[in-house]
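The values are calculated or read from the model by the stated rules, or taken from the named source; none is laboratory data. On a predicted model such as this, the values are computed, not experimentally measured, just so you know. Using ideal geometry, Cβ is built from the backbone for each residue, glycine included, and neighbour counts are taken over all protein chains shown. In case anyone asks, the SASA skips ligands and DNA or RNA and just uses the protein heavy atoms, side chains included. Shrake-Rupley method; radii C 1.70, N 1.55, O 1.52, S 1.80 Å.
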Amino acid sequence: MNAQHLAKTAAMAALLCLAGMIMRWASPALVPFSVLPIFVFLTGLILGPKYGSLAVIVYVFLGLLGLPVFASAPFGGIGYVLKPSFGYLLGDIAAAYVVGKLYNRQSLLSALLAVLGGIIVLYLIGLTYFYLVMHFVLQQSTTMALVISMGFLPFIAGDLIKGGIAAWVGNQLIKRQRSSGL
Amino acid sequence: MLERGLYHPGESTLHQLDPRLKIGSLVILGLLMTTVNWGGLLCLTGGLLIMLGYSPLPIKAFQSVIKAGVVLGLFYTLIMGWHWEEGWFFWKGYWSMAGMLQGLMMSWRILLVFLLTRMFSAFTLPSEQGIGIAFFLAPFYRITPKAADFALLITLTLRFIPLLLEEAALLYKARLAKGNLTGQWIGKIKDLAALLLPLLRIALRRAEELAENLVARGYVSGSYRVLGTKEWESKDSWGVVILALWSIGALIIEFVL
Amino acid sequence: MMKSLEGKAISLGMIQEIDFSLHQGEVIALMGPNGAGKSTLARLLAGLNEPTSGKLNFLEDGQEIPWTRVRRWQEIGIIGQHPRRQTIGATVGEELGFGLLNLGYGVKKVQEMVRELAYRMGLEGKLNQSPATLSGGERQRLVLGAVLALNPAFLLLDEALSMLDKRAQEACLELLEEKGKHMGQLWITHDPLLAEKADRLWVMKEGKLLTLGRPHTALRDDEFCQEYGIRAPYSPSYSPGYASVREKIGEKYQRVQNLRYPEGFSAAAGSEAESFFLHEDERKDTLEWREAEYGQRLQLTEKIKEGCFLAVLGPSGAGKSTLLESAVGLIYPSQGKFLAFGQEVTRQATQRQKARLLLQEPGEYIIGGTVYDEVFYLQNKKERKAGVQRNIEYLQVFGIPQEKALAYPEYLSGGERQRVALAAALESLPEILLLDEPLLGLDLTGRSMMLELLQELKGRMTILYITHDWSEVRELADEVWLVEKGQITFKRRSKDGAIEIDDQQLKEAGVHC
Ligand SMILES: Nc1ncnc2c1ncn2[C@@H]1O[C@H](COP(=O)(O)OP(=O)(O)OP(=O)(O)O)[C@@H](O)[C@H]1O
Ligand SMILES: Nc1ncnc2c1ncn2[C@@H]1O[C@H](COP(=O)(O)OP(=O)(O)OP(=O)(O)O)[C@@H](O)[C@H]1O
Ligand SMILES: [Mg+2]
Ligand SMILES: [Mg+2]
């Protein structure tokens, strides 16, 4: 792995960690929602499928080890896999991959479509995991309706907006890197 | 705001322990805290309180952690205490004692994990955290050289976190130096969003520069080795013993008694 | 065994087909105007960029050694123009030890060496501090120490001694000389006094390299210096002839002045030149510190009068930048009060709008996407469209050519970025201007532009000017403060336009005179 890729992947992974932590260390009034999805999509857009998903893997790995980098309680530790919402973190990995794969590094439209693809994958994996955990781990009776009302409807609008922001910012950045010839 | 450091500079025993031991304890204790039930939690809490008593960290450092823990705890207790039947009609339900207790336990866990991680980051520099983690990845190097790269990636990531925090703080300063932030809530968010692009740009550029600097100071990709900055001392061995006794104790209380 | 670096017909970006050779044991000074390609050359030598054409060779006793057999990082050390960008460690100690560990020394040995190094670089007691919280000069010394520790065969210093006071600079030079016998050094600098200490002089202009002999002869030649835009050591500190700045900016501020004081004291004063200068007793206090304490970094009780030109001198790490940060309201006193325009400054206060700060290493803080965006940040779309011509002219006043207006700031040279930051600060028409070592990294024309500008602005706004070099502001200052270890140890007001200062006292504090 060359030093440039390595350092860039690390930088994005660090940004993901910060995005996860910002809710806690900055006051919630400053950023009233999780900004993590923005950074996940951005990671995919900027680094491409391979290194993008690797950056998210690093983030999840650090969180599972116990470093307090996740956005919601208990913020880290292996126990996190038992939380219904862990699926979204797995989904993030896949999303970064899909976003990087679909984006052609040219147009805003392609960035938007790529992010949309990422969101679909994110929810597919997230909701499946949600259902499985609710059903088999917490042993609560679950229906699809419940899963969707708890894991999809409250978040989708926000995620679409965040996706839009990410697509715009990411595209700007790539455009600029292209024109400076680096 | 962003400059508020997690690290608490000092020379206490907790600072001086080997990072490998610290990472190990973090993983093991974190695992226990998220899996055991009442008895085990009690034991873990006791141990943690003793450790807190010995740590030189002022109570003030825990303020925000405890606040967040209590708020989340309340939230969980309420959510898990409210039981409703299948379907969309979550307002048709009742309060269940069992659920409340579960919620309470969840909150307790959260608070414990909070305290543990807070202490961990107060006494362990990010670079040390990286060293600790990289050490545990070392056995995998033999299986694939990718593991070495992954270990390096982890240490770099941890190195970047404070670095980027500084950059963010600087950007914020530069932004302030150019004019006031608008007072309104919406305006504030807009202003922060406008900083996102420069932040990313700077992060990527810092990454490029970091790569250059790493190469310039002798890093070679693929053949990464862990640079322990501390030597294993007797107090580290004692630490291992205490950790082992403590976690076995918690498990015994949980499953045997 | 003697090692050399040899370049043959090298081109890269700005640089065109240059030839040179650099040997172990000699010191070369490289001078030239802003944007000439000096930093590009340094990066090329260090292997951070590859030449687009031509070849760079590494020789041992005249024998060419392929790069694959050279541990480049160990042979060539580089200290960049912006030390902030060169730190990798989380603490000063880690930073100093990082390369040593990679060299394969044991931990105990490294710790010992780090302590020794910190002492030599004047950083003792700061081993556990984060490099980000160091002062500009301290950071420069830190990077120098970290690279010197590796004992490279070649050392490239890109304006690496520029933020140091006299004493720290001498200490560093001593260290460099000590190591110098086995080291080829390239000093990129705008300071002729430093360049004079070198064995050979190189001059660069617009990508062309001129290799000369001993610096003395060339630097004595005033005409040559003028032509190549480098400063001569003994001619006056700035050459007049940058009058366009005075005109342009003067005009602009005249308009502002008329708006701010519509009734105008110009009528009373009579002559136009007198019009901006308020009488001593008419002036109000703009800034005031009342027993304000900023931790250990700074404690002071002072007032600054409206329209005053205040020079702040002092050794590196004394708390000068802290003073400016407090004046602009980026940090708040832990004890005591700080007032601006008679009102206490709190987190909510709006006095910031009236003050502009030119930070140390300002180039590193540019937020705008392009130079144009950065400078005309406060204009809305319509204003920008209408005023393109005027804006371009405004940029030209600061020596930023039209083709650079749409450039990305991060790819500009150090001096160019300094100009951009200055233009941006003045565009917003501040009432208080805070300048942190503003001449840093500027070439001859940049300096004279800056000093002309200050002549013009003097009296129209309150100016705080931080520097290590008293001669820069000798003619300008109304008041001087000397800051040492977070305290103001000495201050002097001008009487009848002149300041009487015992140079000896400043020299003792490490100020260049
Ligand atoms: N990565 C880049 N892409 C495009 N242009 C660049 C890049 N880096 C530098 N330049 C341009 O090359 C020119 C030379 O820059 P360089 O930094 O070498 O100047 P310098 O001689 O060091 O000047 P200074 O004294 O101001 O530091 C500048 O005009 C700059 O705009
Ligand atoms: N955030 C901080 N925490 C702790 N110490 C700090 C912090 N920021 C600065 N310092 C220390 O305060 C001292 C004064 O720093 P300052 O930047 O004001 O120096 P300076 O006079 O501007 O020096 P220079 O001429 O080198 O720029 C330095 O010793 C520095 O290490
Ligand atoms: Mg330069
Ligand atoms: Mg300073």
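The residues of the range B:101-117 listed by number as losing at least 30 Å² of accessible area in the complex, against the isolated chain and with a 1.4 Å probe, are B:Val113, B:Phe114, B:Thr117. Using a probe of 1.4 Å on the protein chains alone, the accessible area found for C:Ile18 is around 10 Å². Under the criterion of Cα pairs below 8 Å and six or more residues apart, the relative contact order for chain A equals 22 percent.
Between B and A, buried accessible area from a 1.4 angstrom probe totals roughly 4800 Å², ignoring ligands, DNA and RNA.
For the range C:291-297, 3J(HN,Hα) computed residue by residue from phi via the Karplus equation (6.51, -1.76, 1.60; θ = phi - 60°) reads 6, 7, 10, 10, x, 7, 6 Hz, glycine and proline entered as x. Among the listed pairs C:Lys197/C:Lys404; C:Lys337/C:Lys381; C:Lys166/C:Lys305, a Cα-Cα separation exceeding 32 Å is found for C:Lys197/C:Lys404; C:Lys337/C:Lys381.
Using the Cβ atoms and a cut-off under 10 Å, what net charge is assigned to the surroundings of C:Leu412, where Lys and Arg are +1 and Asp and Glu are -1?
On the way: positive: C:Lys404, C:Arg417, C:Arg419; negative: C:Glu410, C:Glu416.
The answer is +1.
Of the residues B:Ser12, C:Thr217, A:Thr43, the one whose Cα sits farthest toward the positive end of the charge dipole of the protein assembly as shown, with +1 on the Cβ of Lys and Arg and -1 on the Cβ of Asp and Glu, is A:Thr43. Label-to-label distance for A:Lys101 and C:Lys381 is 3.8 nm, based on points extended 7 Å past Cα in the beta-carbon direction.
Secondary-structure-derived ellipticity at 222 nm for chain A, considering helices only, amounts to -25000 deg cm²/dmol, per-run term -39500 (n - 2.57) for DSSP H runs with n ≥ 4. What whole-number volume per residue, in cubic angstrom, does the convex hull of the C-alpha atoms of the range A:3-180 give? In the range A:3-180, the Cα hull volume divided by residue count equals 114 Å³. Sequentially through the range B:203-208, phi angles give Karplus couplings (6.51, -1.76, 1.60; θ = phi - 60°) of 4, 5, 5, 4, 4, 4 Hz, Gly and Pro residues having no value and appearing as x. With all protein chains in place and a 1.4 Å probe, the accessible surface of the range A:3-180 carries 74 percent carbon and sulfur. Computed from Cα positions, the angle between helix C:92-103 and the longest principal axis of chain C comes to roughly 20 degrees. For the range C:61-101 versus the range C:409-478, the inter-centroid distance based on Cα atoms is 33 Å.
In this structure C:Trp187 has an accessible area near 20 Å², from a 1.4 Å probe over the protein heavy atoms.
Amide H to amide H distances under 5 Å link C:Leu358 with C:Leu434, C:Leu435, C:Asp436, where only residues 5 or more positions off or on other chains count and H is placed in the peptide plane.
For the protein assembly as shown, what does the accessible surface come to per residue with a 1.4 Å probe? Please give it in Å².
Accessible area per residue, the protein assembly as shown: 44 Å².
FRET efficiency for the pair B:Ile242 and A:Val81, taken as 1/(1 + (r/R0)^6) with r the Cβ-Cβ distance and R0 = 35 Å, rounds to 0.80.
Modelled spin labels at B:Lys67 and C:Glu393, positioned 7 Å past Cα toward Cβ, are 5.4 nm from each other. Here's the picture: charge each Lys and Arg Cβ at +1 and each Asp and Glu Cβ at -1 in the range C:1-111, and of C:Ala9, C:Gln81, C:Gly106 the one pushed furthest to the positive end of that dipole is C:Gly106.
The C-alpha atoms of chain C define a longest principal axis, and helix C:243-260 lies at about 40 degrees to it. Both radii are taken from the alpha-carbon atoms of chain C; with Rh as the Kirkwood radius, Rg/Rh is 0.98. In plain terms, the chain from C:Trp67 to C:Asn49 could stretch by 5.1 nm, reckoned as 0.36 nm per residue minus the Cα-Cα distance. DSSP loop GluC sites (Glu not before Pro) in the range C:86-124 with at most 15 other Cβ atoms within 10 Å of their Cβ, which ones? When the GluC sites (Glu not before Pro) of the range C:86-124 are filtered for loop state and at most 15 Cβ neighbours within 10 Å, C:Glu124 remain.
Restriction of the trypsin sites (Lys or Arg not before Pro) in the range C:32-86 to DSSP coil positions whose beta-carbon has at most 12 other beta-carbons within 10 angstrom yields C:Arg71. One way to sum up the overall shape of the range B:30-81 is the equivalent ellipsoid from its Cα gyration tensor, whose semi-axes run 22, 18, 8 Å, largest first.
Calculated on the alpha-carbon coordinates, the convex hull of the protein assembly as shown measures out at 185 cubic angstrom per residue. Under the simplified labelling scheme, the C:Gln226-A:Ile156 pair shows an inter-label distance of 7.6 nm, with each label point 7 Å from Cα along Cα→Cβ.
Helices in chain C, meaning DSSP H runs of at least 4 residues, each add -39500 (n - 2.57). Divided by all residues, the mean residue ellipticity at 222 nm is -9500 deg cm²/dmol. P(r) for the range C:3-228, from all Cα pairs and a bin width of 5 Å, is 1, 7, 14, 18, 19, 17, 12, 7, 4, 1, 0, 0 %, short bins first. Positive-end ranking of B:Ser55, C:Pro33, C:Trp289 along the dipole of the protein assembly as shown, with charges on Cβ about the Cα centre, is headed by B:Ser55. For C:Arg200, the shell of other residues with beta-carbons less than 9 Å away shows a net charge of -1, using +1 for Lys and Arg and -1 for Asp and Glu. Each Lys and Arg adds +1 at its Cβ and each Asp and Glu adds -1 at its Cβ; summed about the Cα centre, the protein assembly as shown shows a dipole of about 2740 debye. When only the Cβ of Lys, Arg, Asp and Glu is charged (+1, +1, -1, -1), the dipole of chain C relative to its Cα centre reaches about 1200 debye.
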